[in-house]
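Okay, so here's the structure we're looking at.
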Protein chains: 2
Amino acid sequence: MRRSTLEEVAALAGVSKMTASRALRGASDVAPETGERVRQAAKSLSYVGNRLALSLSSQRTNLVAVVVPSMSNTVFPEVLSGITTGLEGSGMQAVFGISDYDTDKERDIIRDMLSWQPSAIIVTGLDQPEETVRMLKLADIPVIQLMDLDGTPVDFNVGLSHGDAGRDMAVALLAAGRKKIAYVGSALEKDLRAVKRKSAFAKVLAAQGLAFAAEQLDDDFSSIALGKRLTTRLIAAKPDIDCIYYSNDDMAAGGLFACMEHGIAVPSQIVLAGFNGLDLTDSLPAPIATSKSPRRAMGEAAARLITDAMANGGVSGPKTIVFKPPIIGLGVA
Amino acid sequence: MRRSTLEEVAALAGVSKMTASRALRGASDVAPETGERVRQAAKSLSYVGNRLALSLSSQRTNLVAVVVPSMSNTVFPEVLSGITTGLEGSGMQAVFGISDYDTDKERDIIRDMLSWQPSAIIVTGLDQPEETVRMLKLADIPVIQLMDLDGTPVDFNVGLSHGDAGRDMAVALLAAGRKKIAYVGSALEKDLRAVKRKSAFAKVLAAQGLAFAAEQLDDDFSSIALGKRLTTRLIAAKPDIDCIYYSNDDMAAGGLFACMEHGIAVPSQIVLAGFNGLDLTDSLPAPIATSKSPRRAMGEAAARLITDAMANGGVSGPKTIVFKPPIIGLGVA
DNA sequence: CATGTTACCGATACCGGTACCGTTATCATG
DNA sequence: CATGATAACGGTACCGGTATCGGTAACATG
């Protein structure tokens, strides 16, 4: 019992392939009665259709390639979720790839994705190496770079400025009276956006004649457990700090748990600050400050950009969509 | 500057399409010098290749379709991550779809995925409606049903018994001396596996002449915030309980935060129990009991099943892979 | 020197659809 | 009744690759 083809459906309905094709696509130029016969035949054969043939023949696919660096914290799954809901009803299909924060792997994945002739491609960040950028340009489809704005986009750009986010957080924490600020980060050699936040933050400190009072770094990827571990180490080494800036919320949440374990009052004694605004943060037993990045919204914006471009047969609005993450969890900001 | 085709590469290298094809695939039957010339031509044209044509012609794809119900808590992203790493190096490519716990949507997504002629398909759970099962059977490719074992699989089956998990947790909690056990759950009309855990749990209670001392349910999907809210409500209504079984760890973590806020000692006064064994759980300021489900491992097992089936040209080992989630966070179990 | 072998390459026929154009039948119109 | 318009359908040529078979040249072999 093999997969049946359009030809078989057509034969069963007593028409030509062409008519069957038209009927199943709901096109005109088909007599109602004939159309019904074809649909019956298709159903009785459980005909499914072959998108490979469809796309090869019609020279268009409904594919949107999406490349994200990771799946291990919730941020990218949420972005993906936003993309798929944004694509819903448009007939587009998102295809995902995970690069593990590895630029070589990212290049290979993008190449592989492009070979499926997608109608658009969404990649994370603006820091692709030149070779990857060349491939993206050559693909001659809408390219959307997501999450980050600090750099030169290939084409479309949707995201937020991580530099601004780091700067704003530093300003807010200083305004809240914090002076001895430490930094806790993970996998900074991979997570370029965290680096951007950190250095913008440091720049604000420097402008006030300050610097990070201490640092704890690790090569592992961010996690609550790692945040807890590094924070424990940090407060042992440098007990007199009054604030910790983390590379993200996972780390900060772990930091909170470490503080609770060591009887450190948050936020009165030490203020903890992260990035992302994970749902987690507003259920925590003590507040942590964070920049609330609109992950779903960015995904949906990217999706809308694509559906628009497909519909209008080209660009209509601006090529860059800017989000500004508000700082929450700091009481009066 | 259009996308170049194999034909153009061949022309530039001064050979036929066929030879170019062979050269780029690294096949034999090509003189080393000719191969080099073709590769040069391909590179100079930034040739990418058209997988649509490749797959249509060769009648095989490197696609593995994966359908999961959600992306909003970390469990499915972790499973996906396991699948992609398990597929790594095999040349297979995972394609994801999200069904939002909606069986109709799941059917449509599966149909759509099948139209891409994937080499295998992974779906979540065993509770697909008949029509969906029929489609899966007709696809005539390896079908893997993931996460759950309680039911009749279409083909391959990788997962754990949620009935057993619920039962074991009930037994463990009773053995720990808990008597007044409440239940807190979310979206039970959608999350069939949570229902299986709950009813197996309830059955154990019933066998001891017990029943849930209280219940808090909600239609929303699970989240830490929801767990916190429902738990707050629960302990207000029924302060004398000594244990809460949650539909999963997100809810339980929220429950913990609620308890902390109300000065309830965990686990001495109330034991909290969830399901999944999220990484989060072992950094929490107080222990919560949970069944540690091997999410990555299940994904990888499914992937390996597929790569094996592709390599051996058929089935080799058993069609069912059983995982047994250990209970952690209960001190002496 | 005739006859394999082997290495390398090309022609042709698909794969399963759609685009495009042409054909036929039917019917209204002048 | 010839003509044109329109509706419904079919034929053919692709889309960009690969499978398959066959051909040619170079070389070894008896």
Worksheet item: When the C-alpha atoms of the protein assembly as shown are aligned to their principal axes, what extent does each axis show, in angstrom, from largest down?
Response: 75, 70, 49
Worksheet item: Taking the Cα atoms of region A:1-128, what is the range of coordinates along each of the three principal axes, in descending order and whole Å?
Response: 56, 29, 25
Worksheet item: Points 7 angstrom from Cα along the Cβ direction at residue B:16 and residue B:237: gap in nanometres?
Response: 7.8 nm
Worksheet entry | Amide H contacts of residue B:160 (H built 1.01 Å from N, under 5 Å, at least 5 apart or other chain) | B:147, B:148, B:149, B:323
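Output the pairs from A:198/A:292; B:238/B:292; B:292/B:319 with a Cα-Cα distance over 19 Å in this structure; if there are none, say none.
Working: A:198/A:292 16 Å; B:238/B:292 29 Å; B:292/B:319 23 Å.
Flagged as over cut-off: B:238/B:292; B:292/B:319.
When DSSP assigns beta bridges and you keep just the ones with both residues in chain A, what percent turn out antiparallel, to the nearest 5? Mind showing how you got there, number by number?
Working: 2 of 39 bridges.
Once the DSSP bridges in chain A are tallied, antiparallel ones form about 5 percent.
Loop only by DSSP, 15 or fewer other Cβ within 10 Å of the Cβ. Give me the trypsin sites (Lys or Arg not before Pro) in region B:176-209 that pass, ordered by residue number.
Values: sites: B:178, B:179, B:180, B:190, B:193, B:196, B:197, B:198, B:203; in loops: B:178, B:179, B:180, B:190.
Passing sites in region B:176-209 are B:179, B:180.
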Worksheet item: Any idea what angle helix B:295-311 forms with the longest principal axis of chain B, computed on alpha-carbon atoms, 0 to 90 degrees, nearest 10?
Response: 30 degrees
Discussion item. With the crude spin-label approximation of a point 7 Å out along Cα→Cβ, what separation in nm comes out for residue A:308 versus residue A:28?
Written reply: 3.1 nm
Discussion item. Let me test this: with uniform point scatterers at the alpha carbons of region B:6-49, what is the Debye-based log₁₀ I(q)/I(0) at q = 0.18 1/Å?
Written reply: -0.37
Practice prompt. Mind checking region A:1-50 for trypsin sites (Lys or Arg not before Pro) that DSSP puts in a loop (not H, G, I, E or B) and that have at most 13 other Cβ atoms within 10 Å?
Written response: A:2, A:25
Worksheet item: In degrees from 0 to 90, rounded to the nearest 10, what is the angle of the helix A:192-207 Cα long axis to the longest principal axis of chain A?
Response: 30 degrees
Discussion item. Apply the Karplus curve 6.51 cos²θ - 1.76 cosθ + 1.60, θ = phi - 60°, to the phi angles in region A:13-20 and return the couplings in whole Hz, x for Gly and Pro.
Written reply: 7, x, 10, 8, 3, 4, 5, 4
Discussion item. Straight-line reach from residue A:43: which lysines fall under 26 Å, measuring Cα to Cα and dropping same-chain residues less than 8 apart?
Written reply: A:17, B:105, B:137
Worksheet item: Over region A:126-272, what relative contact order in percent results from Cα pairs under 8 Å that are six or more residues apart?
Response: 20 percent
Practice prompt. Between the alpha-carbon centers of region B:263-283 and region B:45-121, tell me the distance in whole angstrom.
Written response: 36 Å
Worksheet entry | Karplus-derived 3J(HN,Hα), 6.51/-1.76/1.60, for each residue of region B:127-135, Hz, glycine and proline x | 9, 5, x, 3, 4, 5, 4, 4, 4
Fill in: For chain A, alpha-carbon Rg and Dmax in angstrom
25.4, 85
Worksheet item: When the helices in the protein assembly as shown are scored as -39500 (n - 2.57) per DSSP H run of 4 or longer and the sum is shared across all residues, what 222 nm value do you end up with, to the nearest 500 deg cm²/dmol?
Response: -13500 deg cm²/dmol
Response to the item:
Hydrodynamic radius by Kirkwood for region B:269-333, inverse mean 1/r across distinct Cα pairs, in Å, is 14.0 Å
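If I take R0 = 35 Å and measure r between the Cβ atoms of residue A:188 and residue B:171 in this structure, what FRET efficiency does the formula 1/(1 + (r/R0)^6) give, to the nearest 0.05? Present the calculation step by step, with values, prior to reporting the outcome.
Working: r = 46 Å, r/R0 = 1.31.
The calculated FRET efficiency here is 0.15.
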Worksheet item: If you build a Gaussian network model of chain B, linking Cα atoms that sit under 10 Å apart, which residue out of B:227, B:163, B:317 swings the most?
Response: B:317
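Taking a ≥ b ≥ c as the square roots of the eigenvalues of the Cα gyration tensor of region A:162-291, is the shape rounded (a/c under 1.5), prolate (a/b larger than b/c) or oblate?
Numbers: a/c = 1.31, a/b = 1.13, b/c = 1.16.
The shape class here is rounded.
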Worksheet entry | Distances in nm from residue B:29 to the matching label points in the other copies, shortest first (labels 7 Å along Cα to Cβ) | 3.9
Discussion item. Tell me the angle of helix A:224-237 to the major Cα principal axis of chain A, expressed in degrees between 0 and 90 and rounded to the nearest ten.
Written reply: 20 degrees
Worksheet entry | FRET efficiency, residue B:319 to residue A:134 (Cβ-Cβ, R0 45 Å, nearest 0.05) | 0.45
Worksheet entry | Over region A:6-49, relative contact order from alpha-carbon pairs under 8 Å, at least 6 apart, % | 41 percent
Practice prompt. Report ³J(HN,Hα) in whole Hz for each residue of region A:151-159, in order, from the Karplus equation J = 6.51 cos²θ - 1.76 cosθ + 1.60 where θ = phi - 60°; Gly and Pro get x.
Written response: x, 9, x, 6, 8, 7, 8, 10, x
Worksheet item: Rounded to the nearest 0.05, what FRET efficiency do residue B:215 and residue B:60 have when you use their Cβ-Cβ distance and R0 = 41 Å?
Response: 0.20
Worksheet item: So what does the Cα-only Debye profile of region B:78-141 read at q = 0.22, 0.23, 0.28 Å⁻¹, as log10 I(q)/I(0), no solvent term?
Response: -1.00, -1.07, -1.35
Fill in: For residue A:93, residues with placed amide H under 5 Å, excluding near neighbours
A:63, A:64
Worksheet entry | Cut-off under 5 Å, modelled amide H: who pairs with residue A:122 long-range | A:65, A:66, A:67, A:144
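Given the protein assembly as shown, what percent of its DSSP beta bridges are antiparallel, to the nearest 5? Can you show the working numbers first?
Values: 4 of 78 bridges.
Here the share of antiparallel DSSP bridges comes out near 5 percent.
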Worksheet item: Can you list the aspartates and glutamates whose alpha carbon is less than 16 Å from that of residue A:179, not counting same-chain residues fewer than 8 positions off?
Response: A:168, A:215, A:240, A:242
Worksheet entry | chain B: relative contact order in percent, alpha carbon pairs under 8 Å with at least 6 residues between | 16 percent
Response to the item:
Under a Gaussian network model of chain B whose springs join Cα atoms within less than 10 Å, the largest fluctuation of B:159, B:185, B:35 belongs to B:35
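Values quoted throughout were computed directly from the atomic coordinates according to the rules given, and no laboratory measurement underlies them. None of the values given here were measured: they were computed from a predicted structure. All Cβ positions, glycine included, derive from the backbone under ideal geometry; neighbour counts span all protein chains shown.
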